[in-house]
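Q: I'd like to ask you about the structure that follows.
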Amino acid sequence: MDQYHLAQINISQAKNKIDTDTMNGFVKRLDEINELADKSEGFIWRLKGEEGNATSIKAFDDPLILVNMSVWKNLESLKNYVYKSIHVE
């Protein structure tokens, strides 16, 4: 059993509000990419609201700030998901 896990957090400023045409491509693929993470080897947990993703979680006053967090078994698992899957698109 591994003694430690790897937590990652992304904090970004969106180009526009989540429900606009500007963000449509991002929003369209959220479920697909989140499901990929959920099924990836080494995946443990990810931050999500009632809708199944983290876009409604507001950690800052700025409504354009998006936060995403996940926990992985190790760095290799996270790297495989990020750089060696369709996530890289």
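Q: Which three extents, in whole angstrom, do the alpha-carbon atoms of the chain cover along their principal axes, largest first?
A: Result, largest extent first: 43, 26, 21 Å.
Q: Hey, if you put +1 on the Cβ of every Lys and Arg and -1 on every Asp and Glu Cβ in the chain, which of S12, N80, G25 ends up farthest toward the positive end of that dipole?
A: So the residue we want is N80.
Q: Quick one: 3J(HN,Hα) in Hz for segment 38-51, Karplus 6.51/-1.76/1.60 with θ = phi - 60°, rounded, Gly and Pro as x.
A: Listing the rounded values in order: 4, 9, 6, 4, x, 6, 10, 6, 9, 5, 7, x, 4, 7 Hz.
Q: Now for a separate question. Report ³J(HN,Hα) in whole Hz for each residue of segment 10-20, in order, from the Karplus equation J = 6.51 cos²θ - 1.76 cosθ + 1.60 where θ = phi - 60°; Gly and Pro get x.
A: Each residue's phi maps through the Karplus curve to give 10, 10, 9, 10, 5, 6, 7, 5, 4, 9, 9 Hz.
Q: Could you state the accessible area per residue of the chain in Å², with a 1.4 Å probe and every protein chain left in place?
A: 75 Å²
Q: Starting with the highest mean, order 56-64, 33-41 by the number of other Cβ atoms within 10 Å, averaged over the residues of each peptide.
A: Final packing ranking: 33-41, 56-64.
Q: Here's a follow-up. Under the Kirkwood approximation for Rh and a Cα-based Rg, what ratio Rg/Rh is obtained for segment 29-72?
A: Looking at segment 29-72, the ratio lands at 1.00.
Q: Per the 1.4 Å probe, what fraction of the accessible area of the chain, in percent, lies on carbon and sulfur atoms?
A: Heavy-atom surface of the chain belonging to carbon and sulfur, 1.4 Å probe: 52 percent.
The values are calculated or read from the model by the stated rules, or taken from the named source; none is laboratory data. Just so it is clear, the model here is predicted, and its values are computed rather than measured. Neighbour counts run over all protein chains shown; Cβ positions are idealised from the backbone, glycine included. Only protein heavy atoms, including side chains, enter the accessible area calculation; ligands, DNA and RNA are left aside. Shrake-Rupley method; radii C 1.70, N 1.55, O 1.52, S 1.80 Å.
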